[in-house]
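Enquirer: Let me give you the structure first, and then I'll get to my questions.
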Amino acid sequence: MRESQYRLYWSANLLSDTAQWTQLALYAWIIFQFTDSPVFVAVYTVCRFLPKFVVSPIAGVLADRVNRLSLLRVSQFTTFALSLALALAFSLGVYNEWLLLGISGLIGANFAFDQPARRSLLPAIVGRRDLLCAVSLDNSAFNLAVILGPISAAFLLGTGGTAAALYAVAVLYAAAIVALLFMQSISQVSKVIQNASVGTHILDAFKYLRKTPKVSWLLLVSFLPGFSDRFFVLFLPLLTNEALGITNASDDQMALIRGLGAISGGVMLATWGQLDFRGIITPLALACAAASALFILTPWVALSLAILGAAGLLRAVLSSTATTMLHTSIPDGLRGRMMSI
């Protein structure tokens, strides 16, 4: 029962994450083709990610008050509908960059509801004993999607054109919905006061963080490496070109090596899922920072590639370990709000 539920959950995550990363690359390319302006691509990035940060506190409250599997299904269907709408607009020739920016903003806001619902479901599916293994495999699916997304976008654009690529993204989201629909209902143990206001729920979450420094520390450790990691990936081409003299043609190869390192870390933890990694959180965070610094400072390409793979592996181990510890520390009634941070 648990194994089949988790397989459906994992498959839905892989399909949805692959669609998301394909969509990110595809929309950025379309925006650049419309405007021939890197500034507009930056505006697109803001439109995609800023609404998520604004809506996340409310999304976390909702994930604690309603059935999380139902919320995830609705969120996925909304993303599918928005993606399909843009594909239809391209087919009909009634599109422009402003429509794409608007839909991107709506998809970004919708993902704010997706994340806490998705992450909060996992402990109820697999149980405490297999949690580290499940989290590690889930993170491996995410890192695989990060690799597959841009490759898929380039392949779809090259073989079928823009409209076909947009429809393909919508199909991936639809496939994720099908996997979620096959999942059986999951019970949700919650002590949330249903008649309290949204503001009260958000305030309760901050009170909980103030009273539990361990959870606050784990959230910080989870957030900062991931935040810096995104900037590291964004500036990877600049760093490689400036420091190592590597051409743009090698950027994809370096991103692939980093992603394969992260997948290896996830698989390693899934294999060692019963081990206790609680004492290595802080050393892992320091090791992640050191690996990024060494990559920037080393003048040798071969060593830089090795460090890059190690950085991806360390990041995956840190993320999986910290997330597992968060799940085992947070009460179910607060899980959605904590996972939205």
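The values are calculated or read from the model by the stated rules, or taken from the named source; none is laboratory data. What you are looking at is a predicted structure, and each value in this text was computed from that prediction instead of being measured. As a convention, Cβ positions derive from the backbone with ideal geometry for all residues, glycine included, and neighbour counts pool all protein chains shown.
Yes/no per residue for (1) part of a helix (DSSP H, G or I); (2) more than 19 Å from residue 59 (Cα to Cα); (3) touching a strand residue (DSSP E or B) at 6+ places or on another chain (Cβ under 7 Å):
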{"position": "101", "(1), (2), (3)": "yes, yes, no"}
{"position": "104", "(1), (2), (3)": "yes, no, no"}
{"position": "108", "(1), (2), (3)": "yes, no, no"}
{"position": "115", "(1), (2), (3)": "yes, no, no"}
{"position": "125", "(1), (2), (3)": "yes, yes, no"}
{"position": "129", "(1), (2), (3)": "no, yes, no"}
{"position": "135", "(1), (2), (3)": "yes, yes, no"}
{"position": "144", "(1), (2), (3)": "yes, yes, no"}
{"position": "148", "(1), (2), (3)": "yes, yes, no"}
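Enquirer: Among the residues of region 150-181, how many are without any contact (Cβ under 8 Å) to a residue 40 or more places away in the chain, in a helix (DSSP H, G or I) and of a type outside the set (A, V, I, L, M)?
Expert: Adding up the residues that qualify gives 4.
Enquirer: I'm trying to understand the selection: among the residues of region 1-37, which are more than 23 Å from residue 109 (Cα to Cα), at pLDDT below 90 and part of a helix (DSSP H, G or I)?
Expert: Scanning region 1-37 gives 2, 3, 33, 34, 35.
Enquirer: Residue 117 - would you say it is closer than 24 Å to residue 71 by Cβ and crowded, with 21+ Cβ neighbours inside 10 Å?
Expert: Answer is yes for this residue.
Enquirer: Also: Can you tell me how many residues within region 149-190 are of a type in the set (Phe, Trp, Tyr) and out of contact with any Leu (no Cβ under 9 Å at 6 or more places or on another chain)?
Expert: Looking only at that region, the number is 1.
Enquirer: Sort out for me the helices (runs of 4 or more DSSP H) sitting completely within region 251-341 that have 3 or more residues that are out of contact with any strand residue (DSSP E or B) (no Cβ under 7 Å at 6 or more places or on another chain), of a type in the set (Gly, Ala, Ser) and at pLDDT below 80.
Expert: 281-297
Enquirer: Something else: Out of (1) modelled with pLDDT of 90 or more; (2) aromatic (Phe, Trp, Tyr); (3) surrounded by fewer than 16 Cβ atoms within 10 Å (Cβ to Cβ), what's the single condition that is false for residue 98?
Expert: Evaluating residue 98 over (1) modelled with pLDDT of 90 or more; (2) aromatic (Phe, Trp, Tyr); (3) surrounded by fewer than 16 Cβ atoms within 10 Å (Cβ to Cβ) leaves (1) as the failure.
Enquirer: I've got another one for you. Touching a Lys or Arg at 6+ places or on another chain (Cβ under 7 Å) and either assigned by TED's automatic domain parsing to the domain that holds residue 166 or more than 30 Å from residue 42 (Cβ to Cβ) (or both): which single residue out of 111, 155, 90, 80 fits that description?
Expert: Exactly one of 111, 155, 90, 80 is touching a Lys or Arg at 6+ places or on another chain (Cβ under 7 Å) and either assigned by TED's automatic domain parsing to the domain that holds residue 166 or more than 30 Å from residue 42 (Cβ to Cβ) (or both), namely 111.
Enquirer: Return only the number of the condition from (1) surrounded by fewer than 18 Cβ atoms within 10 Å (Cβ to Cβ); (2) over 28 Å from residue 200 (Cα atoms); (3) free of Cβ contacts under 8 Å to residues at least 40 places away in the same chain that residue 77 does not satisfy.
Expert: It fails just one condition, (3).
Enquirer: Taking the residues in region 198-231 that are surrounded by 16 or more Cβ atoms within 10 Å (Cβ to Cβ) and charged (D, E, K, R) as candidates, determine which candidate is modelled with the highest pLDDT.
Expert: It comes out as 204.
Enquirer: While we're on this one: Are there any pairs, at least 6 apart or on different chains, whose C-beta atoms fall under 6 Å, with the first in region 121-132 and at negative phi and the second among the hydroxyl-bearing types (Ser, Thr, Tyr), and if so, which?
Expert: 125/6; 125/9; 126/6; 131/324; 132/324
Enquirer: So residue 94 ticks every box in (1) over 20 Å from residue 332 (Cβ atoms); (2) not in a loop (DSSP other than H, G, I, E, B) but one. Which box is left unticked?
Expert: Exception for residue 94: condition (2).
Enquirer: Right, here's the next one. Within region 15-38, is even one residue crowded, with 17+ Cβ neighbours inside 10 Å, in contact with a Ser or Thr (Cβ under 6 Å, 6 or more places away or on another chain) and closer than 14 Å to residue 173 by Cα?
Expert: yes
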